[in-house]
Amino acid sequence: MKKHKSNLSELEEYLNYPFRNSQLLEQALTHTSYANESKTEDNERLEFLGDAVLELAVSHLLYLSFPQAEEGKLTKTRAFLVNEKSLARVAHKIKLGQFIRLGKGEEQQGGRKRESILADTLEAILGAIYLDSQDFFLTQKIVAHLLKPFWPKKVEELEEKKDYKTLLQELTQDRFGDRPIYTLVDSFGPDHAKTFKVKLTLPSKKFPEFFAQAPSIKKAEQQAAKKALFFLQKELNIKNNS
């Protein structure tokens, strides 16, 4: 137990935040595979909260950092900064993988290096920091600290990065005045190798629904968005050319 607490202290140094309630940090580090084996609470609720805190914090930081940037460019930049791959890079930098509590199966499957687990755990930690501190602006400072090595000098730097959800949303809002809807329709497989199935519904009912499945909800949404985007671009091009 002493070693575990020492490890948590090391993580707190990486985060630049000492927890008052260490149980919140332990919960944030608890993957569902470990929770199921140990009959304890997992980090999914904290991940839900952290996802919202992260998006607001990054939105505010971008708003302050780039006062001349248009809404569309800010949206694209935010999407890049908070996507799974970017969060996993942050997690790698603070050596988060070594602190995550995983079940035996997930451990054997290399879960400590899996991007979806790293990104989700980082979001859970941000949710835990927000609850522990009861201070959004302090949490935002932690977000700024973690993202500093990856923060762009100008929003144009990230324009070439493909985020299909953002591109699709821009297109549907422009053409139909509304955004697509993503619904989790199924999840299956063992905890250490779960697959999530997502349905995407476009604003116009004349178009089909799109389905995708992946090891994380975010990846499944991106894949569904990619399918819908390519389909919609083709349909609109056909109509424009006719």
Lone unmet requirement of (1) more than 16 Å from LYS165 (Cβ to Cβ); (2) within 17 Å of the chain's Cα centre (by Cα); (3) not aromatic (Phe, Trp, Tyr) for SER59: (1)
Taking the range 176-207 only, how many residues are among the basic types (Lys, Arg) and under 22 Å from GLY111 (Cα atoms)? 2
Tally, over the range 106-157, of residues that are at pLDDT below 90 and among the aliphatic types (A, V, I, L, M): 1
For residues that are surrounded by 20 or more Cβ atoms within 10 Å (Cβ to Cβ) and under 30 Å from SER33 (Cβ atoms), scanning just the range 193-218, find the one that is modelled with the lowest pLDDT. LYS218
(1) without any contact (Cβ under 8 Å) to a residue 60 or more places away in the chain; (2) under 12 Å from the mean Cα position of the chain (by Cα): which one isn't true of ALA119, the others all being true? (1)
Could you pull out the residue among GLY50, GLY103 that is within 16 Å of the chain's Cα centre (by Cα), surrounded by 17 or more Cβ atoms within 10 Å (Cβ to Cβ) and touching a residue at least 40 places away in the same chain (Cβ under 8 Å)? GLY50
Do we find that LEU168 is outside the structural domain of PHE19 (by TED's automatic domain parsing) and either farther than 29 Å from LEU24 by Cβ or more than 19 Å from the chain's Cα centre (by Cα) (or both) in this structure? yes
Counting only helices (runs of 4 or more DSSP H) wholly inside the range 1-111, the ones holding at least 2 residues that are in contact with a His (Cβ under 9 Å, 6 or more places away or on another chain) and in the same structural domain as LYS141 (by TED's automatic domain parsing) are 104-108
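The values are calculated or read from the model by the stated rules, or taken from the named source; none is laboratory data. In this text the structure is predicted, and so the values were computed from the model without any measurement. Positions of Cβ are backbone-derived with ideal geometry, glycine not excepted, and every protein chain shown enters the neighbour counts.
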